[in-house]
Amino acid sequence: VRIRRVAWRSFRLPFAGAFVTARGAVTAREGVVVRLVADDGLEGLGEASPVTAFGGGTARDVMRLLAELASGLVGLEASEVEALLSRLASQEPGVAAARCALDTALCDLRARHAGVPVAMLLGGDATRVVPVNAVVGARATEAAVATARSAVDRGFRCVKLKVGVEESLEAEVERVDAVREAIGPTVKLRLDANGAWSVGAAVEVLRRLEPYGIELVEQPVAAQDLAGMARVRRETDIPIAADEAVAGVDRARRVVEAGAADVLVVKPMVAGGPRPAAEIVALARAAGLTAFVTSTVDAGVGVAAALHVATVLP
């Protein structure tokens, strides 16, 4: 597969309502759809939607990087493009998302040439059904309860609730209590703090939340505080999932080595594409940990890429 042309187009998709996390509220998703055209006319699509609130850069950063890379990509074989992507400094703003778009487009192009789904190229099972969870990001507890109840009414059997948004730990417990009451005892309930708590606060609130049947809590403390995450893991019974700490294969490996998590959250948009994301899944399995795959509230191409990666999970 040799690249003949690289093209891209930006987009902005408004949300039906504000999406709230511990980092603030987001009302729209901005990103870039990338198109790689091979010398035989086949095309592959990828998406770059950087997570700006978490230091991922902006769509403008992505387009600037694509403009710098495009001429050098033309004429390269797919394997040469992959080698080039692996050399990019993924911590620079917009780089991880741009790498994801190009890696996704390459996977798409290779799969089209082979006449198979991308999932098969990644070692997954394209015939699988992938269960999904609903995300509740409403700021007010009343709105969170209504959103969670609606999700269960629509058939979701797992709800992820954004926490770390209240002014006190007591209010955090009340928020979880209200949502658990709304969804009933049999629906799985995950929490996502987006690194909002101190280590001490995380230990205290998670101990108080143990009676609520919490499946796991994502990123209870800051992503860079692996020692703190390991302490929270040791001192509480709720499984700890590393999310923002898993920004690429190398950082995922550091999480594993620090004993900082029971679960790795794998985001292709943050990992740098489907192939690195699948590598993180393999890393988790080799370490005896579990993993799950999520999008970063992406548009259609990004969500499709995450679904293909999810078929690699056990």
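The values are calculated or read from the model by the stated rules, or taken from the named source; none is laboratory data. Just so it is clear, the model here is predicted, and its values are computed rather than measured. Using ideal geometry, Cβ is built from the backbone for each residue, glycine included, and neighbour counts are taken over all protein chains shown. Quick note on the areas: whole protein, heavy atoms, side chains included, nothing else; ligands and nucleic acids left out. Shrake-Rupley method; radii C 1.70, N 1.55, O 1.52, S 1.80 Å.
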Probe 1.4 Å, all chains present, heavy atoms only: His113 accessible area in Å², nearest 10, is 80
In a Gaussian network model of the chain with springs linking alpha carbons closer than 10 Å, the residue among Pro220, Pro268, Pro131 that fluctuates most is Pro131
Relative contact order as a percentage, region 207-255, C-alpha pairs under 8 Å and 6+ apart, gives 39
Scaled by the rule-of-thumb 2.2 N^0.38 Å, the alpha carbon Rg for the chain gives a ratio of 1.00
In whole angstrom, the spacing between the Cα centers of region 177-243 and region 257-314 equals 20
Cβ-Cβ cut-off under 14 Å around Ala25, Lys and Arg +1, Asp and Glu -1: the net charge is +4
Sequence order, region 181-196: Karplus ³J(HN,Hα) from phi using 6.51 cos²θ - 1.76 cosθ + 1.60, θ = phi - 60°, Hz rounded, Gly and Pro as x, gives 4, 6, 9, x, x, 9, 7, 5, 10, 10, 10, 9, 8, 6, x, 7
With every protein chain kept in place and a 1.4 Å probe, the chain has an accessible area per residue in Å² of 44
Rounded to the nearest 5, the percent of antiparallel DSSP beta bridges in the chain equals 50
Listed by chain and number, the residues whose amide H is under 5 Å from that of Leu76, excluding neighbours fewer than 5 places away on the same chain and using placed H, are Ile3
Computed ³J(HN,Hα) along region 279-285: with the Karplus parameters 6.51/-1.76/1.60, θ = phi - 60°, integer Hz and x for glycine or proline, the list is 5, 5, 4, 5, 4, 4, 4
Per its Cα gyration tensor (rounded if a/c is under 1.5, else prolate when a/b beats b/c, else oblate), region 57-212 is best filed as prolate
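Express the relative contact order of the chain as a whole percentage, based on alpha carbon pairs under 8 Å and six or more residues apart in sequence.
That works out to 17 percent.
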Mean Cβ-within-10 Å packing, highest first, puts peptides 229-235, 8-14 in the order 229-235, 8-14
Long-range amide H partners of Val266, meaning residues 5 or more apart or on another chain whose placed amide H is closer than 5 Å, are Phe292, Val293, Thr294
Taking only C-alpha positions in region 8-93, Rg and Dmax in angstrom work out to 15.3, 47
Ile280 neighbourhood, Cβ < 11 Å, K/R = +1, D/E = -1, net charge +3
The helix 300-310 Cα axis meets the longest alpha-carbon principal axis of the chain at an angle in degrees, between 0 and 90 and rounded to 10, of 70
Computed, not fitted: 222 nm per-residue ellipticity of the chain from DSSP H runs ≥ 4 (each -39500 (n - 2.57)), nearest 500, equal to -13000 deg cm²/dmol
Measuring from the longest principal axis of the C-alpha atoms of the chain, the long axis of helix 59-73 (C-alpha) lies at a number of degrees, nearest 10, equal to 30
In a Gaussian network model of the chain with springs linking alpha carbons closer than 10 Å, the residue among Val246, Val26, Val62 that fluctuates most is Val26
